[in-house]
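Contents: one structure, followed by commentary.
The values are calculated or read from the model by the stated rules, or taken from the named source; none is laboratory data. All figures in this text were calculated on a predicted structure; none of them were measured in a lab. Cβ placement follows ideal geometry from the backbone for every residue including glycine, while neighbour counts extend to all protein chains displayed.
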Amino acid sequence: MDRDLTGENNECRTGKLVRESFPPLLSRNAMLLESLRKEVLRVNQEIARRGLAPHTFGNASGVHRSGSQVLVVIKPSGVDYATLTAVDMVVTDLDGKIVDGRLRPSSDLDTHTLLYREFPAIGGIVHTHSEFATAWAQACRPIPCLGTTHADYFHGPVPVTDPLTAEEVAEGYVRNTGAVIVRRFRSEGIDPVAVPGVLVAGHAPFAWGRSPVEAVEHADVLEYIARLAYRSMVLEASESGIPVYVSEHHYLRKHGPKATYGQR
């Protein structure tokens, strides 16, 4: 969660800019990673526009992997979505060191950078506090695949992490939030490309994609299927969900090697 500018989550992020990380020919007036900064700005604004996080909760980031140094662009901490500009976006390396930016990065930076390191196929991350997905996270329950809407986007249930231990919180709450996500996916053999989101127990959802734009789409879909699942359970739907052969068909027709959904 990204609510204020203080606390242990930011202490290691407020040091001097890493000047040597700038491309050597970068003009004094140029903006480092301008295109990605603008995309990350738009995606952060979409979080607010779509009602996926109240106040200044939540954040979005994108990663630039094609240069000599992998760089992350992320929302600054505690800044209202309505006032954000592209230049406000903070650029860091994968260790969280600030490369460019005048503001403190999101307090969830360590979660984002760990996920980018561990899930190299993803290019954008969105963390929200959307109502229904957060309710499932607070209940520490995975979202079962109850229908084809879910199956079109998530190849199986939306997993929930284990709660962080007292030791994990004390050692590094934000970094270990990423660690429990990775642990859940690795322990269950879940492909983060096929299941582009997770519920952090007692906290809220994280979603990702090949780009920041795709990540916010997945965050929006995650909230929608969380709402559908909640209402279906109220109507006493079976938690076992739809037959696997139906969910498999729907997922593979959209994402499989012989996908028929959309234009080619």
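Summary of computed values
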quantity	calculated
Those strands (runs of 3 or more DSSP E) lying entirely in the stretch 82-147 with at least 2 residues at pLDDT below 95 and of a type in the set (Lys, Arg)	none
Hey, LEU252 among the aliphatic types (A, V, I, L, M) and modelled with pLDDT of 90 or more or not	no
Tally of residues being among the acidic types (Asp, Glu) and under 15 Å from VAL174 (Cα atoms) across the stretch 75-117	3
Scope the stretch 32-86; condition polar (S, T, N, Q), farther than 18 Å from GLY209 by Cβ and in contact (Cβ under 8 Å) with a residue 12 or more places away in the chain; matching residues	THR56, GLN69, SER77, THR85
In the stretch 146-197, the residues that are touching a Cys at 6+ places or on another chain (Cβ under 9 Å) and polar (S, T, N, Q)	THR161
Of residues in the stretch 198-254 being among the charged types (D, E, K, R) and more than 28 Å from ALA53 (Cβ to Cβ), the one farthest from the chain's Cα centre (by Cα)	GLU236
Only one of ALA219, ALA207 that is touching a Ser or Thr at 6+ places or on another chain (Cβ under 8 Å), aliphatic (A, V, I, L, M) and assigned to a strand (DSSP E or B)	ALA207
Condition check for ALA237: within 26 Å of ILE47 (Cα to Cα) and either part of a helix (DSSP H, G or I) or in contact (Cβ under 8 Å) with a residue 40 or more places away in the chain (or both)	no
Some residue of the stretch 168-183 being under 27 Å from TYR230 (Cα atoms), touching a strand residue (DSSP E or B) at 6+ places or on another chain (Cβ under 7 Å), modelled with pLDDT of 95 or more and among the basic types (Lys, Arg)	no
Qualifying positions in the stretch 233-264 - crowded, with 18+ Cβ neighbours inside 10 Å and of a type in the set (Ser, Thr, Tyr)	SER247, TYR251
Failed item in (1) over 24 Å from PHE206 (Cα atoms); (2) surrounded by 13 or more Cβ atoms within 10 Å (Cβ to Cβ); (3) at pLDDT 50 or above, with SER21 passing the rest	(3)
Filtered residue count, the stretch 160-181, keeping only those that are of a type outside the set (S, T, N, Q), within 19 Å of ALA133 (Cα to Cα) and buried (at least 19 other Cβ atoms within 10 Å of the Cβ)	5
